[in-house]
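What follows is a set of notes on a single structure, which appears directly below.
The values are calculated or read from the model by the stated rules, or taken from the named source; none is laboratory data. Remember, it's a predicted structure, so these values are computed and weren't measured experimentally. Here the Cβ positions follow ideal geometry from the backbone for every residue, glycine too, while neighbour counts run over all protein chains shown. Protein only, heavy atoms only, side chains kept; ligands, DNA and RNA dropped before computing areas. Shrake-Rupley method; radii C 1.70, N 1.55, O 1.52, S 1.80 Å.
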Amino acid sequence: MELRLHDTLSREKRPFVPLDAKNVRMYVCGPTVYDFAHIGNARPVIVFDVLFRLLRHLYGDARVKYVRNITDVDDKINDRAARDFPGLPLNEAIRKVTEQTGKQFHADVDALGALRPSVEPRATEHIGEMREIIERLVKAGFAYVAEDHVLFSPQAMNADNTGLPRYGALSNRSLDEMVAGARVDVAPYKKGNTDFVLWKPSKPGEPSWPSPAGIKAEGRPGWHIECSAMAWKHLGEHFDIHGGGIDLVFPHHENEVAQTCCAFHQQRMANYWMHNGFLQVESEKMSKSLGNFITIHELLADWPGEVLRLNMLKTHYRSPIDWTMKSLEESAKTLDDWYRLAADVEPGRPAASVVEPLLDDLNTPLAIAALHGMRGGDVAALAGSLRLLGFLSASAGQWESRKQQASGVDAKEVERLIAERTAARSRKDFGESDRIRDLLAAMGVAIKDSKEGTTWEIAR
Ligand code: AMP
Ligand code: ZN
């Protein structure tokens, strides 16, 4: 069976044919590093990690290049830096914020079992490429300078009939309707109300770089140009897959396509555009004001990362996902089962019943159903299939202690209480042994007595 992927641009599932099977190339928009990442941000990380693993399985580990950027220049970063480090010069404070949040992000996504991408470029290290693309766009008449800004004109793009894609094609919008429906209070320096910023002047104290297109004042890039520049540098003018959350289709990805295709005169930027659906929490939109905003970091205090990973993959990546406590508890039970069955088994080839649904546009719910069906069957194939999906990163023993860590239960204390209870039972002091059992239950620990002795686990 061949790999088929859903493409947002053509709005259909198509067989995946790489431009070069020896160098399969994927770009995914990464985080803006100003705060802890929330559980919604974990969705593209996990979904595209599964795709990365599947592509490596199909084409070979060394033949897949996955680029996920870090956006380290942004107003939100500047605001955070000024708030958290008021005594420091802004640029120093910004470096502190981006370093700290970058580290937190890595710790979080490592715990989710996501492989590091092949390259993790930072926007601030690609200003030269951004300037180069902007220069090309101005020269070719798709962008213009106004009051120290450089603006891109979607109308100039659509007036060109020499083989460029149409602005609006990716997000399925008509430029005429966008023009008619645009806000009336657009910035006075814009010639058209749908023109967007490629470069803008920096305010005093803000990060700034020499500007392109003959602008004297120093400035900084707009958001969209960053991804065009980093994708170009690491993957070229035209590559295989571009991904991100559904919220990025417009304007971010529409504008990336416009910039890249107009600068390099390409009909396409990526051959497949893939977007994950949104995540909501207990049936509500996640937001700080509703008090249901959860960070990956907070969840990892209560659950091993693999539980979060499984919980994410139980829903198909294009569907919306409802993140609930109940579902997390079920995911934890499932993983307990898999760890018990397969963690210490030498992995075999992944089962066809698991790989085939993945080949069908990453149908992870069906792959997980197949894994459930393998209970009692070929354990080596189960172990290999679980590893393909990024599970069983630990041994069974490590899994137990990870769960204990996440639950905040002190394993040594539990062992001590169990020994005390065993002693009480052997002297037939059942009052005391019941008291200790209740104490353990109150700590969230369930015990089981058998001929071999007493075992325990975290009760959820
Ligand atoms: P941001 O840092 O907001 O640009 O988001 C980083 C990535 O997370 C992007 O690919 C977003 O589309 C994605 N994302 C943000 N919020 C959610 C959410 N609630 N559900 C799914 N994906 C999200
Ligand atoms: Zn991007």
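Sort through His316, His297 and tell me the only one that's more than 16 Å from ligand 2 (Cβ to nearest atom), assigned to a loop (DSSP other than H, G, I, E, B), open to solvent by 30 Å² or more (accessible area, probe 1.4 Å) and not assigned by TED's automatic domain parsing to the domain that holds Asp20. Every option except His316 fails the conditions. Taken residue by residue, the stretch 417-427 has no member that is polar (S, T, N, Q) and under 30 Å from Arg53 (Cβ atoms). Run down Arg416, Arg375, Arg387 and say which single residue is open to solvent by 60 Å² or more (accessible area, probe 1.4 Å) and not in a helix (DSSP H, G or I). Within the list Arg416, Arg375, Arg387, the selection yields Arg375. Taking the criterion of being outside any loop (DSSP other than H, G, I, E, B) and under 16 Å from Ala419 (Cβ atoms), the residues of the stretch 451-460 that qualify are Gly453, Thr454, Thr455, Trp456. Counting only residues that are part of a loop (DSSP other than H, G, I, E, B) and surrounded by 15 or more Cβ atoms within 10 Å (Cβ to Cβ), the stretch 170-199 holds 8 of them. Scanning the stretch 419-434 turns up no residue that is closer than 27 Å to Ala301 by Cβ, over 38 Å from the mean Cα position of the chain (by Cα) and β-branched (Val, Ile, Thr). Determine whether Ala217 is within 16 Å of ligand 2 (Cβ to nearest atom) and modelled with pLDDT of 95 or more. No; evaluated as a whole, the condition is false for this residue. Against the numbered list (1) touching a residue at least 60 places away in the same chain (Cβ under 8 Å); (2) out of contact with any strand residue (DSSP E or B) (no Cβ under 7 Å at 6 or more places or on another chain); (3) of a type outside the set (S, T, N, Q); (4) within 30 Å of Leu440 (Cα to Cα), Lys403 comes up short only at (2).
Among the residues of the stretch 161-199, just one is touching a helix residue (DSSP H, G or I) at 6+ places or on another chain (Cβ under 8 Å), free of Cβ contacts under 8 Å to residues at least 24 places away in the same chain and among the charged types (D, E, K, R), namely Arg166. Could you please let me know if Ser228 is modelled with pLDDT of 95 or more, within 16 Å of ligand 1 (Cβ to nearest atom) and of a type in the set (Ser, Thr, Tyr)? Answer is yes for this residue.
Summed over the stretch 390-399, the residues that are open to solvent by 40 Å² or more (accessible area, probe 1.4 Å) and in contact with a helix residue (DSSP H, G or I) (Cβ under 8 Å, 6 or more places away or on another chain) give a count of 1.
Taking each residue of the stretch 246-259 that is open to solvent by 10 Å² or more (accessible area, probe 1.4 Å) and looking for partners that are more than 10 Å from ligand 1 (Cβ to nearest atom) with beta-carbon atoms closer than 6 Å, six or more apart or interchain, yields Val249/Ser171; Phe250/Ser171; Val257/Leu170; Val257/Met269.
Just name the residue that is nearest to ligand 1 (Cβ to nearest atom) out of those in the stretch 40-71 that are touching a residue at least 40 places away in the same chain (Cβ under 8 Å) and among the small types (Gly, Ala, Ser). It comes out as Gly40.
Among the criteria (1) in a helix (DSSP H, G or I); (2) closer than 23 Å to Arg340 by Cβ, the one Asp438 does not fulfil is (2).
Among the residues of the stretch 264-283, is any in a helix (DSSP H, G or I), within 16 Å of the chain's Cα centre (by Cα), under 19 Å from Asn69 (Cα atoms) and within 16 Å of ligand 2 (Cβ to nearest atom)? Scanning the stretch 264-283 turns up no residue that is in a helix (DSSP H, G or I), within 16 Å of the chain's Cα centre (by Cα), under 19 Å from Asn69 (Cα atoms) and within 16 Å of ligand 2 (Cβ to nearest atom).
Taking the stretch 1-96 and the strands (runs of 3 or more DSSP E) fully enclosed by it, the elements with 2 or more residues that are within 16 Å of ligand 2 (Cβ to nearest atom) and under 22 Å from the mean Cα position of the chain (by Cα) are at 24-28, 64-68. The set of residues in the stretch 200-217 being assigned to a loop (DSSP other than H, G, I, E, B), open to solvent by 40 Å² or more (accessible area, probe 1.4 Å) and touching a helix residue (DSSP H, G or I) at 6+ places or on another chain (Cβ under 7 Å) consists of Gly205 alone.
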